[in-house]
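FYI, it's all coordinate maths here, none of it is from the lab. Fair warning: this is a prediction, and the values are worked out from it, not measured in the lab. Every residue, glycine as well, gets a Cβ built from its backbone with ideal geometry; the counts of neighbours run over all protein chains shown.
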Amino acid sequence: MAKKPSFAPNMLQPNERDIEEALAYPALIEALRKGFKEDYTVPMRHHHDFKNPKSDQDSTLLLMPAWQAGNMLGLKTVIVSPGNRQFKLPAIHGTYLLFNAITGALLLQCDARTLTKKRTAAASALAADYLARPDSRRLLMLGTGALAPELIKAHRTLRPIEEVWIWGRRYEKAKALAARLRQELDIQISAVRDCATVASKTDILSTATLAYKPILFGEWLVPGQHLDLVGSYKPDMREADDEAIQRSKVYVDTLEGAPKESGDLYIPIQKAVLDLSDIQADLFQLCRRQRNGRDTPQEITLFKSVGHALEDLAAAQLLYRHLVK
């Protein structure tokens, strides 16, 4: 149960079980939908790369503030260290702080890992509610990290997913994840060695990797699919190739951040493969019904997520309300 530390008796410190219980997907997805309709102040994410002498890849510091005037203010600090595999540690570490926006009092502090993966998966499922075909039944998951099972569970919340394929650079890891999820979910789940063998059978293709070169290719795609790109969070990282971008109607979580922060969009824009005007809408416009989502069953839609501090704050507010209730 959430603790109240002696140095700040009114501050809650929820544990992982508290967060999992409070941020169940149906409630979390609807909290995000409501949040994207409301007025939040969300400055651009601070993004700082720094050298890591123990790794051949830089680490990244992310600072993500957001607030609602007269309500609550949240701040997430995250450090991404891709080389942490050698230390047998997660690549991402973070902390979330929730404040009273009137008094400045600290209301809640928690490890940001579970909150982040839950809100990220919920945002993808929310986007798919506007972009994926309502009859989407098959999902291909590229990636075997902490986000992979959450994306599968979140997409199942709003779409009748009954079969899942999982691919990872290490087949044994994909196989182990599939075996674990078969125990949790009453659907058919299996690991694949080669994405190309199943990609054309898939309704939703979701990617959550640390890839710097494409792992999802436009030549695989067939009409009616939805692509959910989550992993690329820096301008030199990408998961989908140019052809995949060209064949898709592109949507983003935030028009302000996604084209600049993710190589899935930044690189095609620099190469004139994609123009900013080609991006159809962001989650604000979709949730407020200012722009359409999927128009026809045949078109290919693509959602690029880089994360948005509004999502964290909406999730933290839901968590806080659950705890004080």
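Which residue fluctuates most in the GNM of the chain (Cα springs below 10 Å): TRP220, TRP167, TRP67?
Fluctuation is largest for TRP220.
In whole angstrom, how far apart do the alpha carbon centroids of region 51-97 and region 211-229 sit?
After rounding, the separation between the Cα centres reads 27 Å.
Any idea how far the Cα center of region 195-209 sits from the one of region 101-125, in Å?
Distance between centres, Cα-based: 29 Å.
Please build a GNM for the chain, connecting alpha carbons under 10 Å apart, and tell me which residue among VAL198, VAL252, VAL230 fluctuates the most.
VAL198
Among PRO268, PRO53, PRO235, determine the one that fluctuates most according to a GNM of the chain built with springs between C-alpha atoms less than 10 Å apart.
Ranking PRO268, PRO53, PRO235 by mean-square fluctuation puts PRO53 first.
Could you sort the peptides 202-213, 95-106 by per-residue average Cβ neighbour count (10 Å cutoff), highest mean leading? The partial results should precede the final answer.
Values: 202-213: 22.3, 95-106: 15.3.
Highest-to-lowest ranking by the protection proxy: 202-213, 95-106.
Relative contact order of the chain: what whole-number percent is it, with Cα pairs under 8 angstrom and at least 6 residues apart?
Values: 716 pairs, mean separation 58.2, N = 325.
Relative contact order, the chain: 18 percent.
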